[in-house]
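Here's the structure, in structure tokens; my notes come after.
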Amino acid sequence: GYSPEEIKTKTLFDINPKSRDYILNVLRESADKGSNHFVTQHIRADQSTREVELYICRIQLDGKDMMHVIGYDITEMYQAKRALEQSNARLNLLFENSPFPIIAVNMQDKMISYLNSRAREFFALEKIDKPGERACHIFSDEADCEQFYRMILEKGQVRDMEARVMGGSTGHNWALISGNLITEQGDPLLMISFNDIEDRKIYELELTKE
């Protein structure tokens, strides 16, 4: 936003909201790492601030040591990155605080990648308390697991499949199991939720006895 005449009167410190010491320290750290660029902020002529990536090199001009600086405005990219980070943080918060047990399964190796706190509480097997376990181990009957995966591969989702799982008050509770395929960083990820229906099953059994 500066005119050519105006920008000639400015130094790097004049158009950066950071302190002089901060900028000098960043330049020193970049030089120590062998890097010639860093991300900082730029004050425009209208006093608005933009995110910029600066590439710096020393040159000789008319016998004088000069600093050649090329700047790229990355404000939109920076804002998009922040929006994505905030969105991921909200999703992680919803995932972790869901009232239902939820696990995330890597579809390439069928291993559990994430568990929320309710899943860690619900499943009886101690080894399910952490990622790295085969997802089929949470089903009481592996045939149910195979059926669940077949339905996922055919339809991309499963709604309220009834099966026993290795968790809950009995260690083999009945649950309604739902799953959805999503993509995370280009890789297929299966999100599975569990709704404990053991009490309902007990009630249904009592009704049949009557």
Out of everything in the range 149-159 that is of a type outside the set (V, I, T) and in contact with a strand residue (DSSP E or B) (Cβ under 6 Å, 6 or more places away or on another chain), what residue ends up being surrounded by the most Cβ atoms within 10 Å (Cβ to Cβ)?
M151
Counting only residues that are touching a residue at least 24 places away in the same chain (Cβ under 8 Å) and open to solvent by 40 Å² or more (accessible area, probe 1.4 Å), the range 53-66 contains a total of 0
Considering only the range 29-43, I want to know if a residue exists there that is among the polar types (S, T, N, Q), more than 16 Å from Y72 (Cα to Cα), out of contact with any Ser or Thr (no Cβ under 6 Å at 6 or more places or on another chain) and modelled with pLDDT of 85 or more.
no
Scan of the range 185-210 for residues that are surrounded by 13 or more Cβ atoms within 10 Å (Cβ to Cβ) and within 30 Å of the chain's Cα centre (by Cα), ordered by number
P188, L189, L190, M191, I192, S193, F194, N195, D196
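Is it fair to say Y72 is among the hydroxyl-bearing types (S, T, Y) and in a helix (DSSP H, G or I)? Steps first, please.
Details: among the hydroxyl-bearing types (S, T, Y): yes; in a helix (DSSP H, G or I): no.
Here the answer is no, as Y72 does not meet what is asked.
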Taking the range 16-52 and keeping residues surrounded by fewer than 15 Cβ atoms within 10 Å (Cβ to Cβ), closer than 23 Å to K81 by Cα and of a type in the set (A, V, I, L, M) leaves V39
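The values are calculated or read from the model by the stated rules, or taken from the named source; none is laboratory data. Since the structure is predicted, the reported quantities are computational estimates derived from the model, not experimental observations. In this analysis, Cβ positions are derived from the backbone assuming ideal geometry, glycine residues included, and neighbour counts consider all displayed protein chains. Side chains are part of the model used for accessible areas, which takes the heavy atoms of the whole protein and leaves out ligands, DNA and RNA. Shrake-Rupley method; radii C 1.70, N 1.55, O 1.52, S 1.80 Å.
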